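Working notes, structure below.
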Amino acid sequence: MKKLGDLMMILDLHRQGMKVATIARQVGIDRKTVRKYIASGLEPPVYGPRAPRERVTDKHCEYLKARLADYPGLTASRLAREIAERGYTGSYSVVRDLVRTLRPAGGGRRYAVRFETPPGQQAQVDFAQFRVRFTSQPDGVQIVWLFSMVLGFSRLIWARFAQRQTMQTVLACHRAAFEAMGGVPREILYDRMKTAVIGEDDDGRVVYNRTLGAFAHHYGFLPKACRPYRPETKGKVERPFRYIREDFFLGSTFSDLDDLNRQHDHWLARVANPRLHATTGRIVNEAFGEEKPALQSLPLIPFGAVLKLERRISHEGMVSVGGNYYSVPDATRRRVVEVHSLAEEIHIFEENRLIARHPLLEGRRQRSLIDGHRRSYRHRDELAIPHGFTGDLVTRRPLDFYEAVGRRLSVSGGVL
């Protein structure tokens, strides 16, 4: 094919009335070629298809499609780690752009105002519900709750899965989070969960749970409730829930609750807290290194009793606390005892005397029976009345003694 400029020259000379032979000599081509171009006129050049180049993600595209079909919420960073284990050597940005085309676009949301706090000032706490099918119990889906505490300045995450949202769980998680972080923030922002906020008084002031208030006073932080129907005010802890769900939880398998927490701790230590945070633009652990000195010191003594309850002992020698059962010694005399439910233990008192101490049980219908609370049945048999006796045991005497007593009664008229 001639160049586009030569083609235009042929057509222009032809419009001017020049003969084909003259045009052929001037342009330097055969006359048949000139006639062909004059007959076809000016047409856009046609290019053949370009051979596609092989991309580094081509071998992993089907895997990414399958994963997103099963779990549309998986993050691009999670998927990039997974295909890296399958041999992918390209950059994260290529995976991110490809995932963006494979996943349906989400709906638009209104923008929220970003609010930052200085180091050591604030943490945010909340629970999120997860449904999981443990491999050790494959017949049913269980509901577990994720307690999460996120420091406002560094975005460091501490979190733990639990089976219930009890006050004992709340305070035990608080204490474990403070100990892991090595300090206490000055204030903690809560959603209006029942374990934190009871309601409002007549003047519209927030009324906090009394036990949580005592716990906050002991550790030196101020509890604050977020405004109702404004979840964006605690976005620092809401967004990590989505991040945990999509980057850790979805598509993973767990044998039981302990295995779930072990894997989650490993993910926090290796993925979540060493990452570059998209909002702050800083490595989370490095920012926490700056925030940690600003945290308040831990108290010397852990928080004391959480709840004081009265419980009746069952005929099996057990007391019920939070849906679980704890043993008392056989020697317990009273039928009603006082129970102190601590953050991690259950203490049982009889007339101000500690008679039993149990670790706090998770779940429901669990039993804790302490060795020594039940006397052995062999010992009980030794103390029992011999078979065949229904009354008091009497001293055995010879028959001559009873004959003498009879003669005496007959002589004396029945008087000994």
- request: Note the full-extension length gain between residue 9 and residue 86 as 0.36 nm times their separation in residues minus their Cα-Cα distance, in nm to one decimal.
  value: 21.9 nm
message: Let me cross-check residue 153: its accessible surface, 1.4 Å probe, with only protein heavy atoms counted, in Å² to the nearest 10?
response: 40
field: Heavy-atom SASA rank of 10, 283 (probe 1.4 Å, accessible area, largest first)
entry: 283, 10
message: As a test of understanding, state the convex hull volume per residue of the stretch 154-195 from its alpha carbons, in Å³.
response: 90
statement: The answer for the net charge of residues other than residue 324 whose Cβ lies under 14 angstrom from its Cβ, with Lys and Arg +1 and Asp and Glu -1, is +1
Extension gain (nm, one decimal) between residue 29 and residue 352, 0.36 nm per residue minus Cα-Cα: 104.6 nm
- prompt: Which value, in Å² rounded to 10, gives the accessible area of residue 61 with a 1.4 Å probe and all protein chains present?
  reply: 20
- prompt: Rolling a 1.4 angstrom probe over the protein heavy atoms, how many square angstrom per residue are accessible across the stretch 292-379?
  reply: 65
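Ranked by accessible surface with a 1.4 Å probe, highest first, in what order do 166, 101 come? Write down the numbers at each step before the final one.
Values: 166 35, 101 100 Å².
I get 101, 166, largest accessible area first.
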- request: Distance from a point 7 Å along Cα→Cβ of residue 301 to each backbone N in the stretch 211-227: keep the residues under 15 Å and list them by number.
  value: 215, 217-220
- line: Using a 1.4 Å probe on heavy atoms of the protein chains only, the accessible area for residue 242 in Å², nearest 10, reads 140
Summed residue charge, Cβ within 9 Å of residue 136's Cβ, Lys/Arg positive, Asp/Glu negative: -2
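The values are calculated or read from the model by the stated rules, or taken from the named source; none is laboratory data. Because the structure is a prediction, the values reported are computed rather than measured. Reconstructed Cβ throughout: ideal geometry from the backbone, glycine too, with neighbour counts over all protein chains shown. Accessible surface areas use protein heavy atoms only, side chains included; no ligands, DNA or RNA. Shrake-Rupley method; radii C 1.70, N 1.55, O 1.52, S 1.80 Å.
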